[in-house]
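Visitor: Got a structure here, written out as structure tokens. Questions coming.
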Amino acid sequence: MKARIGVPNKIKELRNAKGITQQQLADSVGVTTRTIISLEKSEYNPSVLLAFKISQFFEENIENVFLLNEDKLNS
């Protein structure tokens with residue numbers, strides 16, 4: 001089992017609620033479908049710019065999309 005290294009997020013949940021595919025989200029924010037898949041699996045962290053674009057796409061604050069754990073931030 002692969003360890004998660006990325007920030008947990010609600011991208012898949014938000015995408016499904018909006019009824020869009022990974023490809024549609026990828027096209028909207030200018031990345032590949034593989035990038036969206038990796039983000040949804042928390043396999044890596046997005047750049048600040050990509051996190052901002054995704055948050056804007058869903059009309060959410062970054063902290064509502066990317067779930068930062070304060071314990072991890074302070075370690």
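Visitor: Is it the case, given these coordinates, that L49 is out of contact with any Gly (no Cβ under 6 Å at 6 or more places or on another chain), modelled with pLDDT of 95 or more and surrounded by 12 or more Cβ atoms within 10 Å (Cβ to Cβ)?
Guide: Answer is no for this residue.
Visitor: Then there is this: Which of the residues that make up the range 1-42 are in a loop (DSSP other than H, G, I, E, B), surrounded by 14 or more Cβ atoms within 10 Å (Cβ to Cβ) and at pLDDT 95 or above?
Guide: Correct list: K10, I20, V31, K41.
The values are calculated or read from the model by the stated rules, or taken from the named source; none is laboratory data. Model, not experiment: these values are computed from the prediction. Counting neighbours? That spans all protein chains shown, and the Cβs are built from the backbone with ideal geometry, glycine included.
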